[in-house]
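Quick notes on the structure that follows.
The values are calculated or read from the model by the stated rules, or taken from the named source; none is laboratory data. Just so you know, these numbers come straight off a predicted model, no measurement behind them. No Cβ is skipped: glycine too gets one built from the backbone with ideal geometry, and neighbour counts run over all protein chains shown.
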Amino acid sequence: MDQTQTPLFSALRRHAGSGPVQFHIPGHKKGAGMDLEFRQFMGDNALSIDLINIAPLDDLHNPAGVILEAQRLAAEAFGADYTFFSVQGTSGAIMAMIMSVVGEGDKILVPRNVHKSVMTAIILAGALPVFIPPVMDRRIGISHGITVQEVERALDLHPDARAVLIINPTYFGVAANLREIVRIAHGRRVPVIVDEAHGVHVHFHDDLPLSAMQAGADMAATSVHKLGGSLTQSSILNVRRGLVDPKRVQALLSMLTTTSTSYLLLASLDAARRNLAVNGSAALERTIRLAQEARRRINEISGLYCFGEEILDSEAAYDLDPTKLTIHVRELGITGYEAEKWLRKHYNIEVELSDLYNLLCIVTPGDTEAEIDLLVKALRRLAEENANPKAARDIIVRMPQIPRLALSPRDAFYAATESVPLKEADGRIIAEFIMVYPPGIPILMPGEIITRENIEYIEEPLRVGLSVQGPEDKTIGNVKVIVETSAIP
Ligand SMILES: Cc1ncc(COP(=O)(O)O)c(C=O)c1O
């Protein structure tokens, strides 16, 4: 196939260029009927291809023309048998992926630190999650992926599991030994489905971790918009033939997708795929060099640490995407949150995320030496002006014990609930999520039985100022639990 072609984007340009008289939505009609300031800011080119599924432009819900061609080119570029475009972010792709392999009462193995779209899909499907604890890295206070051994153990304990979900690479760029996980799961004919939100680019350079498709996984929800150059919210779902049914995947994607699909998003996927396929390797070569140079310079700054391959010492921390710069600021005696605010105030720098101990900065083909120089300069001043090593806090990343599931997350979600004081919730079934940051691992999920240990685990981080998120009551004085009907005497 000719990867220099963009069938969908080109069809949109041709169509807009032919000057069609539009008696269809969107009612702004190439911008003429919209707010003038917005129109001028957006530009008439973009507005002229803000179109809908009229016949010449195909239909994402039943593609047979230019969208199908664009998806086929993407499948070839990503090493998949089928690629489906998503205009509902990777969240939409993840939900379709999960709901295509599990239904009511089916077990699915998932890492405990999954994205909320995974739990949403499990609730909607009525599936039963079997949680696997991720490996905690106590040196930097983050969690990695899950190990091959844990997956094997979980499959031994739950031979009826219908799928294994892996997050690969993690937000911080750490990859597990995915090929081995796939080998073990496939040995039992269990499909491996991958949350590849942070790994669209890895497929396009040999020095990056293996992509889900390269590792032999069955499906991967891959955020083209995050690191692959398409517009925000556009994403893809890659599928391998064999253990999953592509027709069912297409049907579920369609069920979960708006009927008014944005052609701006779809065209941006088509163009991003071309750019990755044609220029990706060279662009990533530069990006990796830029990020490695940044890492080296950051590590020369006293009080800062930006990890590299030296942390790869387990099956969960098996490979690294060096374009992610996780900058550990703990030894300066400040938090990642404070460092984020300082960089915003003094250098107008916006980072990807911060937590108690770290900042995360991503480097992409959109960066040049100028941005890296500014980041290093800003970090140097941050370290000079804020160093107070005596204030450095210890790293607390305890892994909460995973509670017992009493009800399926769906039954818990739909059950009648009441609010009770956290202190008195021992033995009750929780109806909401409770998480502690860092490391961002849920302590309780809907349907689980609250234990005294969980209660203490929640109270402790609150005492030391860590952020506890999820419950309706932000003070965590009360939690929502399932109403228990007492037996008729
Ligand atoms: C690990 C992970 N999975 C899935 C998603 C969802 O992606 P999207 O925002 O494209 O819906 C995210 C988003 O941040 C994520 O971090």
Q. Which of the following residues is touching a strand residue (DSSP E or B) at 6+ places or on another chain (Cβ under 6 Å), more than 16 Å from the ligand (Cβ to nearest atom) and either part of a strand (DSSP E or B) or within 21 Å of residue 201 (Cβ to Cβ) (or both): 75, 70?
A. 75
Q: For residue 108, indicate whether it is at pLDDT 95 or above and either in a helix (DSSP H, G or I) or closer than 24 Å to residue 355 by Cα (or both).
A: no
Q) Does at least one position in the stretch 138-149 carry a residue that is more than 25 Å from residue 93 (Cβ to Cβ) and either small (Gly, Ala, Ser) or touching a Cys at 6+ places or on another chain (Cβ under 7 Å) (or both)? A) yes
Q: For residue 274, indicate whether it is in contact with a Pro (Cβ under 8 Å, 6 or more places away or on another chain), in a helix (DSSP H, G or I) and buried (at least 18 other Cβ atoms within 10 Å of the Cβ).
A: no
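Go through 194, 200, 190, 174 for me and flag whichever is over 17 Å from residue 226 (Cα atoms) and touching a strand residue (DSSP E or B) at 6+ places or on another chain (Cβ under 8 Å). Can you show your working first?
Working: 194 fails: over 17 Å from residue 226 (Cα atoms); 200 fails: over 17 Å from residue 226 (Cα atoms); 174 fails: over 17 Å from residue 226 (Cα atoms).
Step by step, each of 194, 200, 190, 174 is checked, and only 190 is over 17 Å from residue 226 (Cα atoms) and touching a strand residue (DSSP E or B) at 6+ places or on another chain (Cβ under 8 Å).
In the stretch 1-14, how many residues are assigned to a loop (DSSP other than H, G, I, E, B) and in contact with a Phe, Trp or Tyr (Cβ under 7 Å, 6 or more places away or on another chain)? Don't jump to the end; show me each part of the working.
Quick first cut of the stretch 1-14, residues assigned to a loop (DSSP other than H, G, I, E, B) only: 1-6.
In the following step, the residues that additionally are in contact with a Phe, Trp or Tyr (Cβ under 7 Å, 6 or more places away or on another chain) were identified as none.
Counting residues in the stretch 1-14 that are assigned to a loop (DSSP other than H, G, I, E, B) and in contact with a Phe, Trp or Tyr (Cβ under 7 Å, 6 or more places away or on another chain) gives 0.
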Q. Among the residues of the stretch 111-139, which ones are over 15 Å from the mean Cα position of the chain (by Cα), farther than 20 Å from residue 161 by Cβ and either in a loop (DSSP other than H, G, I, E, B) or within 12 Å of the ligand (Cβ to nearest atom) (or both)?
A. 135, 138, 139
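Scanning the stretch 330-356 for residues that are in a loop (DSSP other than H, G, I, E, B) and surrounded by fewer than 17 Cβ atoms within 10 Å (Cβ to Cβ), which turns out farthest from the chain's Cα centre (by Cα)? Spell out how you get there, then give the answer.
Within the stretch 330-356, the subset in a loop (DSSP other than H, G, I, E, B) is 333-335, 348-352, 355-356.
Add one more test, that the residue is surrounded by fewer than 17 Cβ atoms within 10 Å (Cβ to Cβ), and what stays is 333, 348, 350, 352.
Numbers: 333: 30, 348: 26, 350: 19, 352: 13 Å.
Selected residue: 333.
What tally of residues in the stretch 15-26 results from selecting those that are outside any loop (DSSP other than H, G, I, E, B), surrounded by 14 or more Cβ atoms within 10 Å (Cβ to Cβ) and either among the β-branched types (Val, Ile, Thr) or out of contact with any Lys or Arg (no Cβ under 8 Å at 6 or more places or on another chain) (or both)? Give the derivation first.
Filtering the stretch 15-26 down to residues outside any loop (DSSP other than H, G, I, E, B) leaves 15-17.
Within this subset, residues satisfying the condition of being surrounded by 14 or more Cβ atoms within 10 Å (Cβ to Cβ) are 15-16.
This time we only want the ones that are either among the β-branched types (Val, Ile, Thr) or out of contact with any Lys or Arg (no Cβ under 8 Å at 6 or more places or on another chain) (or both), so: 15.
Selection size over the stretch 15-26: 1.
Of all residues in the stretch 381-421, how many are modelled with pLDDT under 85 and acidic (Asp, Glu)?
1
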Q. Which condition does residue 133 not pass, out of (1) under 24 Å from residue 311 (Cβ atoms); (2) buried (at least 21 other Cβ atoms within 10 Å of the Cβ), if it passes all the others?
A. (2)
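Can you pull out the residues in the stretch 309-356 that are basic (Lys, Arg) and in contact with a Leu (Cβ under 9 Å, 6 or more places away or on another chain)?
Going residue by residue through the stretch 309-356, those that are basic (Lys, Arg) are 324, 330, 341, 344-345.
Listed by number, the residues that qualify are 324, 330.
Have a look at 256, 237, 265 and point out the one that is closer than 14 Å to residue 90 by Cα, within 14 Å of the ligand (Cβ to nearest atom) and in contact with a Leu (Cβ under 6 Å, 6 or more places away or on another chain). Can you show your working first?
On the way: 256 fails: in contact with a Leu (Cβ under 6 Å, 6 or more places away or on another chain); 237 fails: in contact with a Leu (Cβ under 6 Å, 6 or more places away or on another chain).
Checking each option against the conditions leaves just 265.
Could you pull out the residue among 92, 105 that is farther than 30 Å from residue 311 by Cα, surrounded by fewer than 18 Cβ atoms within 10 Å (Cβ to Cβ) and of a type outside the set (Ser, Thr, Tyr)?
Working: 92 fails: surrounded by fewer than 18 Cβ atoms within 10 Å (Cβ to Cβ).
Answer to the selection: 105.
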**Q.** Given (1) without any contact (Cβ under 8 Å) to a residue 60 or more places away in the chain; (2) not in a strand (DSSP E or B), number of the condition residue 327 does not satisfy
**A.** (2)
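For every residue, the table says whether it meets (1) within 16 Å of the ligand (Cβ to nearest atom); (2) under 19 Å from the mean Cα position of the chain (by Cα); (3) within 21 Å of residue 277 (Cβ to Cβ).
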{"position": "167", "(1), (2), (3)": "yes, yes, no"}
{"position": "170", "(1), (2), (3)": "yes, yes, no"}
{"position": "180", "(1), (2), (3)": "no, no, no"}
{"position": "186", "(1), (2), (3)": "no, no, no"}
{"position": "190", "(1), (2), (3)": "no, no, no"}
{"position": "205", "(1), (2), (3)": "no, no, yes"}
{"position": "209", "(1), (2), (3)": "yes, yes, yes"}
{"position": "217", "(1), (2), (3)": "yes, yes, yes"}
{"position": "222", "(1), (2), (3)": "yes, yes, yes"}
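Which of the following residues is crowded, with 22+ Cβ neighbours inside 10 Å, on the phi < 0 side of the Ramachandran plot and among the hydroxyl-bearing types (Ser, Thr, Tyr): 254, 260, 235?
Values: 254 fails: crowded, with 22+ Cβ neighbours inside 10 Å; 260 fails: crowded, with 22+ Cβ neighbours inside 10 Å.
Just one listed residue meets the conditions, 235.
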**Q.** Subset of the stretch 298-316 (residues that are crowded, with 21+ Cβ neighbours inside 10 Å and either part of a helix (DSSP H, G or I) or at pLDDT below 95 (or both))
**A.** 298, 316
Q | Selection from the stretch 189-206 of residues that are in a loop (DSSP other than H, G, I, E, B) and either of a type in the set (Ser, Thr, Tyr) or under 19 Å from residue 98 (Cβ atoms) (or both) | A | 189, 190, 191, 197, 198, 199
Q. Residue 47 is checked against (1) over 20 Å from the mean Cα position of the chain (by Cα); (2) not in a helix (DSSP H, G or I) and fails just one. What number does that condition carry?
A. (2)
Q: Taking residue 268 as meeting all but one of (1) closer than 23 Å to residue 362 by Cα; (2) of a type in the set (S, T, N, Q); (3) assigned to a loop (DSSP other than H, G, I, E, B), write down the number of the exception.
A: (3)
Q: Within the stretch 192-203, work out how many residues are within 16 Å of the ligand (Cβ to nearest atom) and either of a type outside the set (Val, Ile, Thr) or on the phi > 0 side of the Ramachandran plot (or both).
A: 6
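At least 1 residues that are surrounded by fewer than 19 Cβ atoms within 10 Å (Cβ to Cβ) in each: list the strands (runs of 3 or more DSSP E) lying fully within the stretch 365-477 that qualify. Don't jump to the end; show me each part of the working.
Numbers: elements: 417-421, 434-437, 441-444, 467-469.
Hits in the stretch 365-477: 417-421, 434-437, 467-469.
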Q: With the condition kept exactly as written, say whether any residue in the stretch 27-43 is part of a helix (DSSP H, G or I) and closer than 30 Å to residue 403 by Cβ.
A: no
